[in-house]
Amino acid sequence: MQTDMLSFDTANGAASAYIAKPDGPSRAAVLIIQEWWGLNGHIKDITGRYAAEGFIGIAPDLYRGKLAANGDEASRMMHDLKIEDGMDTIKNALDAARRSMDLTHFGITGYCMGGTYALRAACELDGISAAAVFYGDIPDDDVLKKLTTPTIFISGTRDGWIDTKKVAGLEDAASRFELPLQSVKYDADHAFFNDTRPEVYDATAAADAWAKVIAFFREKL
């Protein structure tokens, strides 16, 4: 595996993305969108896991180098980030990666805050072939009904934020608008995929979700 940084411009200035490349050639890439903590070691580790599976992993830094030290700071940083800024960073990371690495197929995934952005990107951005959304917040119907990208939405039934009511609303919208979205639920808490947080991590659910997502991206990308 090789790692690198990709620099690019956005409407609000310079930004960058962490890149992990497989040892062999690949034309398929997955954008990994960070949790509210920032582009930390956990997100870089996930990016490397994608490279180990043969994808080029691309993790845009939505906070431009800043990392949250605790939950209060993470909450503040997430709420200070305007949706338009985050989406612009993701779009420009995708465009820069396509140009610099001659990539043809992109998937997108994200966790917590990153899941919110990944789902919105799947609805609004061109050039994304598949999305795997982990317990992100759900946009309004006027955004959601634009979804044409095949999407897996992964949630935990014990999640107090992306709770069962929100997930049921998403499933209802998917039915009403005939969206290409599959809902996958686990008896798990919010952030159950994060193996750096033992208080919520669920190894069994995380392993099953990972296998499903990798198979999904291999089929779609």
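The values are calculated or read from the model by the stated rules, or taken from the named source; none is laboratory data. Computed from a predicted structure; not experimentally measured. Don't worry about glycine lacking a Cβ; one is built from the backbone with ideal geometry, like all the others, and counts go over all protein chains shown.
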Taking I19 and the conditions (1) out of contact with any Phe, Trp or Tyr (no Cβ under 8 Å at 6 or more places or on another chain); (2) closer than 17 Å to I108 by Cβ; (3) among the hydrophobic types (A, V, I, L, M, F, W, C); (4) not in a strand (DSSP E or B), which numbered condition does it fall short on, given that it satisfies the others? (4)
If Y135 satisfies all but one of (1) at positive phi; (2) in contact with a Phe, Trp or Tyr (Cβ under 6 Å, 6 or more places away or on another chain), what's the number of the condition it fails? (2)
Would you please name the residue that is farthest from T109 (Cα to Cα), looking only at residues in the range 149-168 that are of a type in the set (G, A, S) and surrounded by 14 or more Cβ atoms within 10 Å (Cβ to Cβ)? G156
Return yes or no: is F177 more than 27 Å from G71 (Cα to Cα), at pLDDT 95 or above, aromatic (F, W, Y) and surrounded by fewer than 20 Cβ atoms within 10 Å (Cβ to Cβ)? yes
Could you list all residues from the range 92-137 that are polar (S, T, N, Q), farther than 19 Å from L179 by Cβ and at pLDDT 95 or above? N92
Residues located in the range 19-41, provided they are surrounded by fewer than 18 Cβ atoms within 10 Å (Cβ to Cβ) and either under 17 Å from the mean Cα position of the chain (by Cα) or in contact (Cβ under 8 Å) with a residue 40 or more places away in the chain (or both): R27, N40, G41
Subset of the range 119-135 that is of a type in the set (G, A, S) and within 14 Å of A29 (Cβ to Cβ) - its residue that is surrounded by the most Cβ atoms within 10 Å (Cβ to Cβ): A131
How many residues of the range 84-118 are surrounded by 24 or more Cβ atoms within 10 Å (Cβ to Cβ), out of contact with any Phe, Trp or Tyr (no Cβ under 7 Å at 6 or more places or on another chain) and assigned to a helix (DSSP H, G or I)? The answer is 4
Taking H105 as the residue in question, decide whether it is touching a residue at least 40 places away in the same chain (Cβ under 8 Å), closer than 16 Å to F134 by Cβ and not β-branched (V, I, T). no
Cβ-Cβ under 8 Å, sequence separation 6+ or interchain: first residue in the range 203-214 and under 17 Å from H42 (Cα atoms), partner of a type in the set (K, R) and surrounded by 14 or more Cβ atoms within 10 Å (Cβ to Cβ). Which pairs? W210/R49
Every residue in the range 186-221 that is part of a loop (DSSP other than H, G, I, E, B) and farther than 23 Å from G160 by Cβ, please. L221
Suppose we filter N70, N12 for residues that are under 18 Å from T196 (Cα atoms) and surrounded by fewer than 17 Cβ atoms within 10 Å (Cβ to Cβ); which single one remains? N70
